[in-house]
Amino acid sequence: MDRFQLFPVQASTLAPEVDHLLYFLLAVAVFFTLLIFGAIFYFAIRYRRRSENELPHVQHTGYTLEILWSVIPFGLTMVMFTWGASIYFTASKPPNNAIQIYAVGKQWMWKLEHAEGQREINELHIPIGTPVRLTMASEDVIHSFFVPAFRTKQDVVPGRYSTTWFTATKPGKYHLFCAEYCGTNHSGMGGWVYVMEPMDYQNWLSGGAVEGSMAESGKKLFEQLACNNCHKDDNSGRGPILVGLFGKQVQLAGGGSVKADEAYFRESILQPQAKIVYGFEPVMPTFQGLVTEEQLVQLVEYVKSLGPKPGTGPVDNGQKPVPEKSSTAGSTPANR
Ligand code: CUA
């Protein structure tokens, strides 16, 4: 590729922000290193002992000096803290309009799946200028999704979803790594991210044979696994209605509530007894070992497709079900 570079190219909106903070930290470190080493050498010479029986003068505390060397570093570290925290918050909260892509890490490859159904291994195609949100799971051990050009690194931990997001700013091809030692072929667990013009991305998405969108694959699974026997569209099922559930608050048996997000669906499929919906019996069997992480994300994507769409309408207060099935609205949390 290019000639030697000190830093990877900046190819996401986050990259310059992270770099600026890094430059600031470097500058502070360099400044104080020079100051301290300079002072050591200067004082060592200036105040060297000149004769065997020389005694130093008695020194009194210099309060001005002490206050200065306490307040200035405090101020500097507070700047580092607030600056770093603000970038951290930006990096950890995907925008609402982000497109959703799923990633599954396993020894030793990255499997990626687009909502439209396109699957890739060790390659990820994304459009430029659009926020992309990755929901990631691991089939085995801890991996870490790392794209240096995006300044994005996120651990992928078995048993839970982790998310990361980025908006690419430059078309091109960028290295993708696994940044967590995960066994023999860890060093080979990488690939490429292709950043494309939106038109090219649309062409890429529509090209190639696809079995159907993730939601469609999820729907098939939903029927194969007979989920639809209990999760019906009306109140006759033994399980909660899933239509319009995504993003809402769910009342739980035993008090409290939980937001119906990806992690909640995943948990409810694998450990149905963990959070029982208010008004329902703990009768659902576990699907642990019966579905892979890839099938799980398809099921999750299917339930999401039942609405409400992410980012549309007030998802957080959970007071507004989708218009259809409005018979379930109102005061009976058991219907959720
Ligand atoms: Cu996966 Cu290292």
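The values are calculated or read from the model by the stated rules, or taken from the named source; none is laboratory data. What you see is a predicted model; the values in this text were computed from it and never measured. When we count neighbours, we look across all protein chains shown, and the Cβ atoms used for this are built from the backbone with ideal geometry, even at glycine. When the accessible area is computed, the model is the full protein with side chains, heavy atoms only, and any ligands, DNA or RNA have been set aside. Shrake-Rupley method; radii C 1.70, N 1.55, O 1.52, S 1.80 Å.
Data table
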{"quantity": "Pairs of Cα atoms farther than 26 Å apart, the chain, %", "calculated": "61"}
{"quantity": "Sulfur and carbon atoms: percent of accessible area, the chain [1.4 Å]", "calculated": "60"}
{"quantity": "Listed residues Trp108, Trp204, Trp69 arranged by accessible area, highest first, probe 1.4 Å", "calculated": "Trp69, Trp108, Trp204"}
{"quantity": "Per residue accessible area of region 214-305, 1.4 Å probe, in Å²", "calculated": "47"}
{"quantity": "Probe 1.4 Å, all protein chains present, accessible-area order of Trp192, Trp110, Trp165, largest first", "calculated": "Trp192, Trp165, Trp110"}
{"quantity": "Size-normalised alpha-carbon gyration radius of region 100-167, reference 2.2 N^0.38 Å", "calculated": "1.03"}
{"quantity": "Helical segments meeting 30 Å axial Cα length and Kyte-Doolittle 0.0 threshold in the chain (DSSP H)", "calculated": "14-46, 63-92"}
{"quantity": "Accessible heavy-atom area order of Thr163, Thr184, Thr135, highest first, probe of 1.4 Å", "calculated": "Thr184, Thr163, Thr135"}
{"quantity": "CD proxy at 222 nm, helix term only [per DSSP H run n ≥ 4: -39500 (n - 2.57); per residue of the chain; nearest 500]", "calculated": "-10500 deg cm²/dmol"}
{"quantity": "Quarter of the Cα convex hull surface for region 214-305, i.e. its orientation-mean projected area (nm²)", "calculated": "5.3"}
{"quantity": "Full-extension gain in nm, Ala27 to Phe89, via 0.36 nm per residue minus C-alpha separation", "calculated": "20.0 nm"}
{"quantity": "Globularity ratio of region 46-190, using Cα Rg and 2.2 N^0.38 Å", "calculated": "1.72"}
{"quantity": "Inter-probe distance in nm under a simple model that places probes 7 Å from Cα toward Cβ, at Ala253 and Glu223", "calculated": "3.0"}
{"quantity": "P(r) tail fraction, region 15-65 - alpha-carbon pairs more than 12 Å apart, %", "calculated": "77"}
{"quantity": "Pairs of Cα atoms farther than 21 Å apart, region 148-290, %", "calculated": "62"}
{"quantity": "Links that overshoot a 19 Å alpha carbon limit, given the list Lys248/Lys275; Lys106/Lys153; Lys106/Lys173; Lys111/Lys170; Lys219/Lys304; Lys170/Lys304", "calculated": "Lys106/Lys173; Lys111/Lys170; Lys170/Lys304"}
{"quantity": "Mean Cα-pair separation over length for region 214-305, i.e. relative contact order, pairs under 8 Å, 6 or more apart, %", "calculated": "36"}
